[in-house]
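The structure appears below as structure tokens.
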Amino acid sequence: KNQVEQSPQSLIILEGKNCTLQCNYTVSPFSNLRWYKQDTGRGPVSLTIMTFSENTKSNGRYTATLDADTKQSSLHITASQLSDSASYICVVSRFNTNAGKSTFGDGTTLTVKP
Amino acid sequence: NAGVTQTPKFQVLKTGQSMTLQCAQDMNHEYMSWYRQDPGMGLRLIHYSVGAGITDQGEVPNGYNVSRSTTEDFPLRLLSAAPSQTSVYFCASSYRGATEAFFGQGTRLTVV
């Protein structure tokens, strides 16, 4: 069964600290992996998208890594800000799926405290 | 550029009532989809469309209907609302299925 597991489920850090969120998947064959940020009460917004050949992609203070061999991805947030408080969702898509059926993780809820 | 627009933002229905959640996008995206998000759970795919006139079921389609008469619009119909359909509904669009998706702001639906 195609699955996406995210850890931790929730995380609390102090403003200015770094943190890393994990995403492990069993989706096969692999097409791409996306990270989304979802603020409370709003729709998800794309942070990064990585294909099989990419192992690192950055978007400002957000850096995603991908190890397609071990089927693991991480999202590293540097110098956290209060506005980083949100749910972070990992999404993995299957290769050649024109219908675009993707598997969503349950998300990691990040709280940044002053 | 409005992106993906969902209406209404909030809705309360009585059990058995029907209604349509509206979704419109102005990015000329081929692919549109509907998700529901329940507390503490991930997004679950209800229905999706790969282009005008083409729709297919997702993971949790029961109790919902969709149609895609134009590229821009993808309404979701609840046939006979049930309390189990209380959720937040998100519409999304993308150029193709497995690419970056743009989400609407969501519709918070409560069925009493």
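Of the residues B:5, B:94, B:54, the one whose Cα sits farthest towards the positive end of the charge dipole of chain B is B:5 (charges of +1 on Lys and Arg Cβ, -1 on Asp and Glu Cβ, taken about the Cα centre). The charge dipole of chain B, taken about the Cα centre with unit charges on the Cβ atoms of Lys, Arg (+1) and Asp, Glu (-1), comes to about 380 debye, rounded to the nearest 20.
Taking label positions 7 Å along the Cα-Cβ direction at both residue A:68 and residue A:20, the computed distance is 2.2 nm, reported to one decimal.
Within the same chain, lysines fewer than 8 places from residue A:71 are excluded, and of the rest, those with a Cα less than 30 Å from its Cα are A:1, A:17, A:37, A:57, A:101. The Cβ shell under 12 Å around residue B:68 holds other residues with a net charge of -4, Lys and Arg each +1, Asp and Glu each -1.
Debye sum, Cα scatterers, the protein assembly as shown, no solvent: what log₁₀ I/I(0) at q = 0.10, 0.12, 0.13, 0.15 1/Å? Result of the Debye calculation: -0.45, -0.65, -0.76, -0.99. In loop segments of segment A:1-102 as defined by DSSP, the GluC sites (Glu not before Pro) with at most 16 further C-beta atoms inside 10 Å of their C-beta are A:15, A:54. Taking chymotrypsin sites (Phe, Trp or Tyr not before Pro) as exposed when their DSSP state is a loop state and no more than 16 other Cβ atoms lie within 10 Å, the longest site-free interval of chain A runs over A:1-51.
Qualifying trypsin sites (Lys or Arg not before Pro) in segment A:50-114, where qualification requires a DSSP coil assignment and no more than 12 other C-beta atoms within 10 Å, are lacking entirely. Rolling a 1.4 Å probe over the protein heavy atoms of chain A, with every protein chain left in place, gives an accessible area that is 47 percent carbon and sulfur. Take segment A:1-71 with all the other protein chains still there, run a 1.4 Å probe, and you get 55 Å² of accessible area per residue.
Buried accessible surface for the B/A chain pair comes to about 1500 Å², total over both chains, computed with a 1.4 Å probe. Summarising the amide proton neighbourhood of residue B:3: residues at separation of 5 or more, or on other chains, whose placed amide H is nearer than 5 Å comprise B:26. The local environment of residue A:14, defined by Cβ-Cβ distances under 13 Å, has a net charge of 0 under the rule Lys, Arg +1 and Asp, Glu -1.
The values are calculated or read from the model by the stated rules, or taken from the named source; none is laboratory data. Since the structure is predicted, the reported quantities are computational estimates derived from the model, not experimental observations. No Cβ is skipped: glycine too gets one built from the backbone with ideal geometry, and neighbour counts run over all protein chains shown. In case anyone asks, the SASA skips ligands and DNA or RNA and just uses the protein heavy atoms, side chains included. Shrake-Rupley method; radii C 1.70, N 1.55, O 1.52, S 1.80 Å.
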